[in-house]
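Structure first, commentary second.
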Amino acid sequence: MRFSFSVHSISAILFLLILSSPASAESLEPLGLQDAQLLPKNHAEFRIGLAYYDGLHNQFQKQDLDRRIAELPSLTLNLGLGERVEAQLLYSYLHLREDGQDDRWGSGDLTVGLKVRLWQESLRVPALAVRLATKLPNADNKDDLGTDEADIFIDLLATRNYPLFSTYFNLGLAILGDPRPGSDSQNDTIRYALGIKTPLMNNGLAGLLSIEGMEDSINNRCAVRAGLQLPVGSWVWDLGGSVGIASKSEDWGVRTGLTIPFNLPATW
């Protein structure tokens, strides 16, 4: 695909809030939010999970095919490469069911991302970071598993921590390759996410809630997502669900996974 920036006006929406305390990166699974905090240098996280979405349209898909797709599994690797940089790899293997079609299995897309710290959280300013990511065209468009197009994502991330809860805000631009026959172009769309995380019990159980979406006439999506996190030793188990409130979102979905922290060699 060809990339040219016909940038929509992106309003800087940040907030001036009260007392907070410094924090390191938080796992926000099973939501789709990104934390502006980074993993410390030479620290890493690996997550293996499962997901199912009922009624989720493929990108640029106008016809409703009652598309039911499962990620079996979904894999995420986050690497703290430096004081200001975190690398991210996301991949899933997919199982698809559609009206009038046989069940299909196949590769999902690989997404490669970098999260760069812009500002550490202070009393006056939330933590700020920018995330640059590319979705590589691994998933087969003919089987309706993906678009066979490369996509680019540029997101501004903000995080504010309080004694009893933390808030997260993501705002960015998605540059999507258009796979439709005869199209030699791209689609630029605004995407956003706003959420909260709070402890629920003394055993470390935490609750999460977000609204996440994409403003676009072709790929309009918005969903409310909620989840729980429970520490299991040094690991974290998560479980959550979603309800779509826009035309191309899932009718409903569920996600679960286990996040395993580990250390990178000191020579990295």
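The values are calculated or read from the model by the stated rules, or taken from the named source; none is laboratory data. Note that the structure is predicted; figures quoted are calculated from it, not measured. Here Cβ is always computed from backbone atoms with ideal geometry, including for glycine, and neighbour counts include all displayed protein chains. Only protein heavy atoms, including side chains, enter the accessible area calculation; ligands, DNA and RNA are left aside. Shrake-Rupley method; radii C 1.70, N 1.55, O 1.52, S 1.80 Å.
A few notes on this one:
- Calculated from backbone phi, Karplus (6.51, -1.76, 1.60) coupling profile of the range 61-78 in Hz, x at Gly/Pro: 9, 8, 6, 7, 9, 6, 7, 10, 10, 10, 9, 9, x, 10, 10, 9, 10, 10
- Ranking A25, G108, G257 by how far each Cα lies toward the positive end of the dipole of the chain (charges on Cβ) leaves A25 at the top.
- Under a model in which nothing but the beta-carbon of Lys, Arg (+1) and Asp, Glu (-1) is charged, the range 119-256 shows a dipole of about 720 debye around its Cα centre.
- Taking every lysine pair in the range 7-263 that is 8 or more places apart or spans two chains, those with Cα atoms closer than 17 Å amount to 4.
- Charged-residue dipole, Cβ positions (Lys, Arg, Asp, Glu), the chain about Cα centre, Debye nearest 20: 940
- FRET efficiency, L123 to L230 (Cβ-Cβ, R0 25 Å, nearest 0.05): 0.20
- Here the accessible area of the chain is 62 percent carbon and sulfur, with a 1.4 angstrom probe and all protein chains present.
- The residues packed around F165, meaning those with a beta-carbon under 14 Å from its beta-carbon, carry a net charge of 0 if Lys and Arg are +1 and Asp and Glu are -1.
- A cut-off of 5 Å between modelled amide H atoms, ignoring neighbours fewer than 5 places along the same chain, links S92 with L75, G108, D109.
- Solvent-accessible area per residue, Å², over the range 126-268 with all protein chains present [probe radius 1.4 Å]: 45
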